[in-house]
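See structure below.
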Amino acid sequence: MKKNGFTTTILHSDRRLDVEHGAVHKPMHPSSEYAYAQSRELAAVFQGKAGFTYARQGTPTTAALEAKVTAMEDGVATVSFATGMAALAAIFTTLLRRGDHLLCSQHIFGNTNSLLGTLQELGVEVTLVDATDARNVAAAVQGNTRMVFTETIANPGTQVADLMGIGQLCRQSGLVYVIDNTLTSPWLFKGRDAGAALVMNSLSKYIGGHGHALGGTVTDTGLFDWQGHPNIFEAYRKGPSTSWGLTQIKKKGLRDMGGTLAAEPAHRIAVGAETLALRMDRACANALALARHLQGHPGIARVHYPGLPGHAQHERAGQLFRGRYGALMGIELAEGIDCFDFLDRLSVVVLATHLGDTRTLALPAAHTIYHEMGPARRAQMGIADSLIRVSVGIEDEADLIADFDAALQACPPASKAGS
Ligand SMILES: *Cc1c(COP(=O)(O)O)cnc(C)c1O
């Protein structure tokens, strides 16, 4: 049978898992424990047979969502978590040991940056590199390097990592390549295409899409052979060696650490995922229109958006992300315009942290999500004091443009440079 397309596959995923009573949605299973008529059957599931035991390790509801994410990423298996951060913490803490070296893009999500600090305290060596060029990554590889981690499009500077080049390097050097695909989602990009071993997605963003449920996943692309990886526990060196890494993440990272996704948010996210491609296309088109409009506007000094020809990785983004450029941008206001003055005059745009929502959201990045890291680290990450992060939603394009225009127009003349 011909393989269905992206959206058809998501829409019919539950039905094809043989849902009870012909329901088109996998029903929510809130049960904590799963019972067996025969004790030997219970023992068999504990010993590796497919099935459910205790909900901390997953339920039929999370399994249905995981099947969708696996299909979206063209992967072989997925494990879900309560949040994207729980998924990242599980990857790093279960696959890295004291004395290992992690190579990481210097342009990363603020909370991930903070998590790296924890890893360093635990004895993992971390080096940050400019991942927009794989040669920087190659130059930083050491004898104890085990893993390379990058996001696709960085937030809020929108740097696009050299995803293909890093993939080639990791393949040649036998390194575990982990991609955080949150900003692009599997609709714009599949980590498998760049040779990633593992792909992480925050489901709280574009995949869920409606700002009402948190979740995260790790998807195994099946491309990495864990045979030579020294950090896999003996107990998980069973079955095909390409699956050992995800097994360890599930056992150590989910079962032992307990960051489990509950049935209710799993269901909400699964419903949101049905329209991922439609929402992203609309949000990306809105973002491109807004970026083009703001670029050259007298009230705007700079627009960071990969869809603009002046962006350093514009061409690469065009090749990697199906001709779309994501829906997140950074804007720097013209000198003299106070970012708080400007933001408070927006009325359609919501002043809130978060991204990947159906609604357009904006915040002053240096003063909020990047406040804790301090000025030196912000400078290293290219985050100016006046930088505003905008996560573009699916509103009517004209309403968004009018909202930005009106707010810029209304900023008090006293706060405008030279006027
Ligand atoms: C939001 C985000 C995360 C964390 O996801 P949560 O679900 O909020 O925990 C990780 N990486 C990136 C790039 C993100 O934007």
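The values are calculated or read from the model by the stated rules, or taken from the named source; none is laboratory data. These numbers were taken from a predicted model, which means no experiment stands behind them. Here Cβ is always computed from backbone atoms with ideal geometry, including for glycine, and neighbour counts include all displayed protein chains.
Just one of the listed residues (THR145, THR158) is in contact (Cβ under 8 Å) with a residue 12 or more places away in the chain, closer than 26 Å to GLU332 by Cβ and more than 11 Å from the ligand (Cβ to nearest atom), namely THR158. Counting only helices (runs of 4 or more DSSP H) that sit wholly inside segment 3-105, those with at least 1 residues that are without any contact (Cβ under 8 Å) to a residue 60 or more places away in the chain and either of a type in the set (Asp, Glu) or surrounded by fewer than 21 Cβ atoms within 10 Å (Cβ to Cβ) (or both) are 6-11, 13-16, 39-46, 60-73. Residue pairs whose Cβ atoms lie under 6 Å apart, sitting 6 or more positions apart in sequence or on different chains, and linking a residue in segment 389-400 that is buried (at least 17 other Cβ atoms within 10 Å of the Cβ) to a partner that is assigned to a strand (DSSP E or B), are ARG389/GLY330; ARG389/LEU363; VAL390/MET329; VAL390/ALA362; SER391/LEU328; SER391/LEU361. Kindly check whether there is at least one residue in segment 285-296 that is in contact with a helix residue (DSSP H, G or I) (Cβ under 6 Å, 6 or more places away or on another chain), surrounded by 19 or more Cβ atoms within 10 Å (Cβ to Cβ) and under 26 Å from ALA406 (Cβ atoms). Checked against the condition, which is being in contact with a helix residue (DSSP H, G or I) (Cβ under 6 Å, 6 or more places away or on another chain), surrounded by 19 or more Cβ atoms within 10 Å (Cβ to Cβ) and under 26 Å from ALA406 (Cβ atoms), segment 285-296 yields at least one hit. Being part of a loop (DSSP other than H, G, I, E, B), in the same structural domain as SER386 (by TED's automatic domain parsing) and without any contact (Cβ under 8 Å) to a residue 60 or more places away in the chain is a condition met by at least one residue of segment 335-346. Assess whether ALA365 counts as being touching a residue at least 24 places away in the same chain (Cβ under 8 Å), closer than 17 Å to HIS107 by Cα and more than 22 Å from the chain's Cα centre (by Cα). When the stated conditions are applied, ALA365 does not pass them.
If the condition is being among the hydrophobic types (A, V, I, L, M, F, W, C), more than 17 Å from LEU183 (Cβ to Cβ) and modelled with pLDDT of 95 or more, then segment 341-370 contributes PHE342, LEU343, LEU346, VAL348, VAL349, VAL350, LEU351, ALA352.
Are any residues in segment 84-110 out of contact with any strand residue (DSSP E or B) (no Cβ under 9 Å at 6 or more places or on another chain) and either within 12 Å of the ligand (Cβ to nearest atom) or not assigned by TED's automatic domain parsing to the domain that holds ILE153 (or both), and if so, which ones? Answer for segment 84-110, where residues must be out of contact with any strand residue (DSSP E or B) (no Cβ under 9 Å at 6 or more places or on another chain) and either within 12 Å of the ligand (Cβ to nearest atom) or not assigned by TED's automatic domain parsing to the domain that holds ILE153 (or both): just GLY110. Remark: THR217 falls outside the filter, which requires a residue to be more than 27 Å from ASP281 (Cβ to Cβ) and not in a loop (DSSP other than H, G, I, E, B). Looking only at residues of segment 350-377 that are part of a loop (DSSP other than H, G, I, E, B), aliphatic (A, V, I, L, M) and within 14 Å of the ligand (Cβ to nearest atom), we find that the one that is surrounded by the fewest Cβ atoms within 10 Å (Cβ to Cβ) is ALA352.
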